[in-house]
Structure formats: structure tokens, C-alpha cells
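Structure record follows, encoded as C-alpha cells.
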Amino acid sequence: MQKDNIVVNNEEVFKIFITEQEIRKRISELADKLNRDFQDRVPIFIGILNGSFIFMSDLIREITIDCEIDFFKLSSYGDAKISSGNVTMLKDLNCEVKGRDIIIVEDVVDSGLSIAYIRDLIIQQNPRSFSVVTLLYKKAAAKVDFPLEYVGFEIPTEFVIGYGLDYAQKWRNLRSIYVLDPSSDGNASTTGED
């Protein structure tokens, strides 16, 4: 149930954390930087399904340079709040990576397992360059040994939903991002995506 600035899922209450307006402003800033950095190139934006689809659609509409789009689909969560620690490929790319500028589009980098898995796959195919743009970055939880060049918001390791981020496949359609209210659940410090 969604009401005003909160969302209730069973006994858990989620409060607004990043507003729709803040998200849109930050996406515009990220797109401006990408447009400058990849001017005169034709990068391939690769979205990580399912979580990144809303972020990617808004981001790509702000991109003014020529570009291509593709998608990966991975699984590391199922319906849980905490990653299983195993990353499984559910959909591979259709594009040719060799010699191309690859920009991975993520909703959130949490533990870093998924992004490290993707990076290893891409680097084996000899791209011209590899970059990551993520809307959210849980830096304290991430074990990433390469730079994340384009970060929307650095956030604490709390469970978040909305704007593509789900809880058991629900709540992706929320326009803002919500965080679990610690007073509603003892598991407030659990992480939410990868």
C-alpha cells in the first residue's frame, strides 16, 4: 500500500529517501558528463535487468550522442533482501563488444558481485573501454577493485525500493526511492540489491 510519502509492505514501512525530482536532476547531470566524455564515439549502453530498466530509459533519453543499447539479465537475489552470493546469467548480450566503448547501466552497486562478474565477461571480449554508470552505490558494502566513474547517489547499506528497485518483484513502479524504516523491522541493515 502506498500512501503519501510512505509505502507499507506487510508490517514493513518504507519512507521516502530520494525524491523523483532529485533523481531526475542527478540523471541529467550524469547524462551531461557522459555526453561530454563520449563525444564523437558511439558507445553501447548495456542495462542490467530487471532493476536498471527505469533508470536506463530516463538516462538514455538525456543522451544526445549516437549510441546503441543492449541488456544483460543476471540473478543473485531471487525474492530475498540479501544476495545469495551466486551470480547466474539469464540473458546474454546480442551486440559485438570487441573494440567498442561499453557503458554498463546499473540501478545499484551493493556487494559488487554482479558488476565484477559483468566486468570480467566484458573485458575478456576486448572492448575499447569499459565504464559503469550506477544510480545508487553502497560504497561501504561494495568490494569493487575498479573505479565506478558515474555514480548518481552514494547511499548507506540499507534496503531500498522504488524506481526500478524491487522487493520480491514489487514496488519497481514507485517514482521515488524509499528506504526501510528501522522502527518497522529489525532487519533494517540488510542490503537490497547487487
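The values are calculated or read from the model by the stated rules, or taken from the named source; none is laboratory data. Being a predicted model, the structure only gives us computed values, none of them experimental. Positions of Cβ are generated from backbone atoms using ideal geometry, with glycine treated the same way; all protein chains shown enter the neighbour counts.
If I filter segment 145-155 for residues that are within 21 Å of ILE27 (Cβ to Cβ) and of a type in the set (Ser, Thr, Tyr), do I get at least one hit?
Among the residues of segment 145-155, at least one is within 21 Å of ILE27 (Cβ to Cβ) and of a type in the set (Ser, Thr, Tyr), which makes the answer yes.
Pull out all pairs, ordered by first then second residue, where Cβ-Cβ is under 8 Å, the residues are six or more apart or on different chains, the first lies in segment 15-31 and is farther than 19 Å from VAL132 by Cβ, and the second is part of a helix (DSSP H, G or I) and among the acidic types (Asp, Glu).
Pairs found: ARG24/ASP58.
Tell me the residue from ASP66, ASP101, ASP92, ASP58 that is modelled with pLDDT of 85 or more, surrounded by fewer than 16 Cβ atoms within 10 Å (Cβ to Cβ), over 20 Å from VAL179 (Cα atoms) and among the charged types (D, E, K, R), please.
ASP66
Would you please name the residue that is surrounded by the most Cβ atoms within 10 Å (Cβ to Cβ), looking only at residues in segment 127-144 that are among the hydrophobic types (A, V, I, L, M, F, W, C) and over 20 Å from ARG24 (Cα atoms)?
Going through the qualifying residues, I end up with ALA142.
Let me spell it out: the conditions are (1) touching a Ser or Thr at 6+ places or on another chain (Cβ under 9 Å); (2) closer than 20 Å to ASN50 by Cβ; (3) of a type in the set (Val, Ile, Thr); (4) modelled with pLDDT of 90 or more, and ILE155 meets all of them except one. Which number is the exception?
For ILE155, the failing item is (1).
Look through SER129, SER189, SER184, SER176 and report the one residue that is at pLDDT 85 or above, hydroxyl-bearing (Ser, Thr, Tyr) and over 24 Å from ILE54 (Cβ atoms).
That would be SER129, the only listed residue that is at pLDDT 85 or above, hydroxyl-bearing (Ser, Thr, Tyr) and over 24 Å from ILE54 (Cβ atoms).
Determine the pairs where a residue that is surrounded by 18 or more Cβ atoms within 10 Å (Cβ to Cβ), located within segment 104-126, has a partner that is among the charged types (D, E, K, R) with Cβ atoms under 6 Å apart, the partner being 6 or more residues away or on another chain.
Correct list of pairs: VAL108/GLU193; ASP110/LYS138; ASP110/GLU193; ASP110/ASP194; SER111/ASP194; GLY112/LYS143; LEU113/ASP194; SER114/ASP194.
Could you list, in sequence order, all residues of segment 52-73 that are assigned to a loop (DSSP other than H, G, I, E, B) and of a type in the set (Ser, Thr, Tyr)?
If the condition is that a residue be assigned to a loop (DSSP other than H, G, I, E, B) and of a type in the set (Ser, Thr, Tyr), then SER52, THR64 are the ones that fit.
Taking the condition of being in contact with a Ser or Thr (Cβ under 7 Å, 6 or more places away or on another chain) and at pLDDT below 90, how many residues in segment 104-126 meet it?
Here the count works out to 4.
Scan segment 8-22 and give yes if some residue there is surrounded by 13 or more Cβ atoms within 10 Å (Cβ to Cβ), of a type in the set (Lys, Arg) and within 24 Å of PHE72 (Cα to Cα), otherwise no.
No: zero hits.
Which of the residues that make up segment 28-44 are of a type in the set (A, V, I, L, M, F, W, C) and assigned to a loop (DSSP other than H, G, I, E, B)?
Correct list: PHE38, VAL42.
Take the conditions at pLDDT 85 or above, of a type outside the set (A, V, I, L, M, F, W, C) and buried (at least 16 other Cβ atoms within 10 Å of the Cβ) and apply them to TYR77. Does it pass?
For TYR77, the condition - at pLDDT 85 or above, of a type outside the set (A, V, I, L, M, F, W, C) and buried (at least 16 other Cβ atoms within 10 Å of the Cβ) - is not met.
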